[in-house]
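**Student:** The structure follows.
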Amino acid sequence: MKLRNTAITRANSASLPMGDHVAVKYDSVDGGEEHKGGHGIPKVSMVPLIFLIFYEVSGGPFGIEDSVKAAGPLLAIVGFLLFAFIWSIPEALITAEMGTMFPENGGYVVWVSSALGPFWGFQQGWAKWLSGVIDNALYPVLFLDYVKSSVPILGGGLPRTLAVLILTVALTYMNYRGLTIVGWVAVFLGVFSLLPFVVMGLIAIPQIEPSRWLEMDLGSVNWGLYLNTLFWNLNYWDSISTLAGEVDNPKRTLPRALSYALVLVLGAYLYPLITCTAAVPVVREYWSDGYFSDIAKILGGFWLHSWIQAAAALSNMGNFVTEMSSDSYQLLGMAERGMLPEFFAKRSRYGTPLIGILFSAFGVILLSWMSFQEIIAAENYLYCFGMILEFIAFIKLRVTHPNASRPYKIPLGTIGAVLMIIPPTILIVVVMTLASYKVMSVSILAMVVGFILQPCLVYVDKKRWLRFSISTDLPDLSDSLETEDDAVPLVF
């Protein structure tokens, strides 16, 4: 990978108006390149990309049981539909537009940097990377929670700790071997994890009583658990943007993959919710993590129960490898833009970001002591901070450069774009307000660390204690604007 020193580039960028940092031409993307990237590594095609997005966001209906526990069947079903329109669709649309406008591995970091400058771009990267690593710390623990009924020794103590370490190392090695391998593993795990729910839904049909869908008691709703469960299960659509540089023809592939993944995720949630809440009497206290496997035993017997438990365990592995890919390629993308030391941009012989993978794995191990609810609340808080920056960057680029080149463009004007992000912004405020003081304090402290870390890295670069370089494979964000709006008409 060819690199150019950051000093001259930063000096030039500092002298330009903020708006001159956007919409430069990506020759490799616009020119219809081959299926291998500049490093000779095969690029990710449509089907693996759909399942990578599926696992970034969901991984299946495992963990949605708490929505029924918190609010009952009706609000759970309506909640997933409503949240999809309020949150998932706007976030996926913004990812499609911005991800094709800047199809490189920095993803949302580059979006924010282009609109708000490198300081806020770094804060975006810091908050989103921390959120992703915190999220990933959950999956080895969940995997062991599902298998401990068959292997009781993994329920606690030293054997459980060793199992977390071994699992983390094994899945980290899979990431090291290549993103295309991770993508096809995600396809296999996705099919295996969803198939038992299709079978269970078919078995449940004769026992469905529609009146059970209408059960609701507003007075007993646990709003904090309810909103956090919905939010956690329907966010992270933008995570795929940090892999855009590894995608085959991203200006066409990325928007379509996002739309197909959106249908897949919603179907994976609503189908088991609708069938299972009506097929068995609803006792809300029973609806916690893993309850779908209990329903499978009631409806189909021990074989279906075992299948869903195996699917749940393997689905957590899919979540882990895809989240680690996103986190590690984000660090690589930040290094290629000179925001992190050059060694983060080094690739292994398989084309993977070795240092980014190791850093992400180390973060997972450090954070694996946190409880399930603490993990969800902490990652949601940091994620919300990053999403606020994304929304600001999206609107600013629409206002300052409405005619800039956008291979995919949301079919809304500036006013329509602002109206689109108002509901998710309100949701962000609500989720952040519901956080406990402990989660709020730790999250704010983490953000303060980012505020301090970015100037420190700039100082280290200035003193040349570490080498910071910008990849010459990427266009200079300080180049003049491409004023032609050549948006590709895509169905999304």
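**Student:** LEU194 - would you say it is closer than 21 Å to ALA257 by Cα, touching a residue at least 60 places away in the same chain (Cβ under 8 Å), of a type outside the set (Gly, Ala, Ser) and in contact with a strand residue (DSSP E or B) (Cβ under 9 Å, 6 or more places away or on another chain)? Walk me through how you get there before you give the answer.
**Tutor:** Numbers: closer than 21 Å to ALA257 by Cα: yes; touching a residue at least 60 places away in the same chain (Cβ under 8 Å): yes; of a type outside the set (Gly, Ala, Ser): yes; in contact with a strand residue (DSSP E or B) (Cβ under 9 Å, 6 or more places away or on another chain): no.
No: the conditions fail for LEU194.
**Student:** Also: Contact list please: Cβ distance under 6 Å, first residue in the range 437-460 and more than 16 Å from LEU367 (Cβ to Cβ), second residue crowded, with 17+ Cβ neighbours inside 10 Å and not polar (S, T, N, Q), pairs at least six apart or on different chains.
**Tutor:** Within 6 Å, the pairs are GLY450/TRP126; GLN454/PHE122.
**Student:** Follow-up. Looking at PHE119, is it at pLDDT 95 or above and either open to solvent by 30 Å² or more (accessible area, probe 1.4 Å) or of a type in the set (Ser, Thr, Tyr) (or both)? Walk me through it before giving the result.
**Tutor:** On the way: at pLDDT 95 or above: yes; either open to solvent by 30 Å² or more (accessible area, probe 1.4 Å) or of a type in the set (Ser, Thr, Tyr) (or both): yes.
Here the answer is yes, as PHE119 does meet what is asked.
**Student:** Name the pairs: first residue in the range 272-291 and more than 24 Å from LYS148 (Cα to Cα), second residue open to solvent by 30 Å² or more (accessible area, probe 1.4 Å) and aromatic (Phe, Trp, Tyr), Cβ to Cβ under 7 Å, at least 6 apart or on different chains?
**Tutor:** Close Cβ pairs (under 7 Å, with a partner that is open to solvent by 30 Å² or more (accessible area, probe 1.4 Å) and aromatic (Phe, Trp, Tyr)) amount to THR277/TRP213; ALA278/TRP213.
**Student:** Still on this structure, please answer the following. Given the structure, is LEU367 of a type in the set (A, V, I, L, M), over 30 Å from ILE41 (Cα atoms) and at pLDDT below 90? Walk me through it before giving the result.
**Tutor:** Details: of a type in the set (A, V, I, L, M): yes; over 30 Å from ILE41 (Cα atoms): yes; at pLDDT below 90: yes.
Criteria met by LEU367.
**Student:** If you don't mind, there's one more thing I want to ask. Could you please find all residues in the range 222-274 being of a type in the set (S, T, N, Q) and either open to solvent by 10 Å² or more (accessible area, probe 1.4 Å) or over 20 Å from THR95 (Cβ atoms) (or both)?
**Tutor:** First, pick out the residues of the range 222-274 that are of a type in the set (S, T, N, Q): 222, 228-229, 233, 235, 239, 241-242, 249, 253, 259.
Scanning the range 222-274 gives ASN222, ASN228, THR229, ASN249, THR253, SER259.
**Student:** Is the range 99-116 home to any residue that is in contact (Cβ under 8 Å) with a residue 24 or more places away in the chain, among the aromatic types (Phe, Trp, Tyr), assigned to a helix (DSSP H, G or I) and open to solvent by less than 10 Å² (accessible area, probe 1.4 Å)? Before you say what the answer is, go through the steps one by one.
**Tutor:** Taking the range 99-116 first, the residues in contact (Cβ under 8 Å) with a residue 24 or more places away in the chain are 99-116.
Now drop any that are not among the aromatic types (Phe, Trp, Tyr), which leaves 102, 108, 111.
Restricting the remaining residues to those that are assigned to a helix (DSSP H, G or I) gives 108, 111.
From the residues that got through so far, the ones that are open to solvent by less than 10 Å² (accessible area, probe 1.4 Å) too are 108, 111.
Among the residues of the range 99-116, at least one is in contact (Cβ under 8 Å) with a residue 24 or more places away in the chain, among the aromatic types (Phe, Trp, Tyr), assigned to a helix (DSSP H, G or I) and open to solvent by less than 10 Å² (accessible area, probe 1.4 Å), which makes the answer yes.
**Student:** Next up: Name the single residue, out of those in the range 452-464 being assigned to a helix (DSSP H, G or I), open to solvent by 60 Å² or more (accessible area, probe 1.4 Å) and of a type in the set (D, E, K, R), that is nearest to GLN124 (Cα to Cα).
**Tutor:** Here the answer is LYS462.
**Student:** Can you report the number of residues in the range 276-309 which are open to solvent by less than 10 Å² (accessible area, probe 1.4 Å) and either at positive phi or among the polar types (S, T, N, Q) (or both)?
**Tutor:** Filtering the range 276-309 for residues open to solvent by less than 10 Å² (accessible area, probe 1.4 Å) gives 276-280, 287, 292-293, 295-296, 304, 308.
Adding the requirement that they be either at positive phi or among the polar types (S, T, N, Q) (or both) leaves 277, 293.
Qualifying residue count for the region: 2.
**Student:** Which residue pairs have Cβ atoms under 7 Å apart, sit 6 or more places apart or on different chains, and have a first residue in the range 228-250 that is over 15 Å from THR180 (Cβ atoms) and a second that is assigned to a loop (DSSP other than H, G, I, E, B) and of a type in the set (A, V, I, L, M, F, W, C)?
**Tutor:** Filtered contacts from the range 228-250: THR229/ILE64; ASN233/ILE64.
**Student:** Is the range 145-155 home to any residue that is without any contact (Cβ under 8 Å) to a residue 12 or more places away in the chain and buried (at least 17 other Cβ atoms within 10 Å of the Cβ)?
**Tutor:** Looking through the range 145-155, at least one residue is without any contact (Cβ under 8 Å) to a residue 12 or more places away in the chain and buried (at least 17 other Cβ atoms within 10 Å of the Cβ).
**Student:** Answer with yes or no whether ALA312 is crowded, with 20+ Cβ neighbours inside 10 Å, modelled with pLDDT of 95 or more and more than 19 Å from LEU52 (Cβ to Cβ).
**Tutor:** On the way: crowded, with 20+ Cβ neighbours inside 10 Å: yes; modelled with pLDDT of 95 or more: no; more than 19 Å from LEU52 (Cβ to Cβ): yes.
Here the answer is no, as ALA312 does not meet what is asked.
A quick yes/no check of all residues on (1) in contact with a Phe, Trp or Tyr (Cβ under 9 Å, 6 or more places away or on another chain); (2) open to solvent by less than 10 Å² (accessible area, probe 1.4 Å); (3) at negative phi; (4) at pLDDT 95 or above:
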| residue | (1), (2), (3), (4) |
| --- | --- |
| ASN380 | yes, yes, yes, no |
| PHE394 | yes, yes, yes, yes |
| VAL399 | no, no, yes, no |
| PRO402 | no, no, yes, no |
| SER405 | no, no, yes, no |
| GLY413 | no, no, yes, no |
| MET420 | no, no, yes, yes |
| GLY450 | yes, yes, yes, yes |
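**Student:** Does the range 163-173 include one or more residues that are without any contact (Cβ under 8 Å) to a residue 12 or more places away in the chain and farther than 25 Å from SER348 by Cα?
**Tutor:** Taking the range 163-173 as the starting set, the residues that turn out to be without any contact (Cβ under 8 Å) to a residue 12 or more places away in the chain are 166, 170, 173.
Within this subset, residues satisfying the condition of being farther than 25 Å from SER348 by Cα are none.
Scanning the range 163-173, I find no residue that is without any contact (Cβ under 8 Å) to a residue 12 or more places away in the chain and farther than 25 Å from SER348 by Cα, so the answer is no.
The values are calculated or read from the model by the stated rules, or taken from the named source; none is laboratory data. The structure displayed is predicted, hence computed values, not measured ones. We place every Cβ from the backbone using ideal geometry, glycine too, and count neighbours over all the protein chains shown. Protein only, heavy atoms only, side chains kept; ligands, DNA and RNA dropped before computing areas. Shrake-Rupley method; radii C 1.70, N 1.55, O 1.52, S 1.80 Å.
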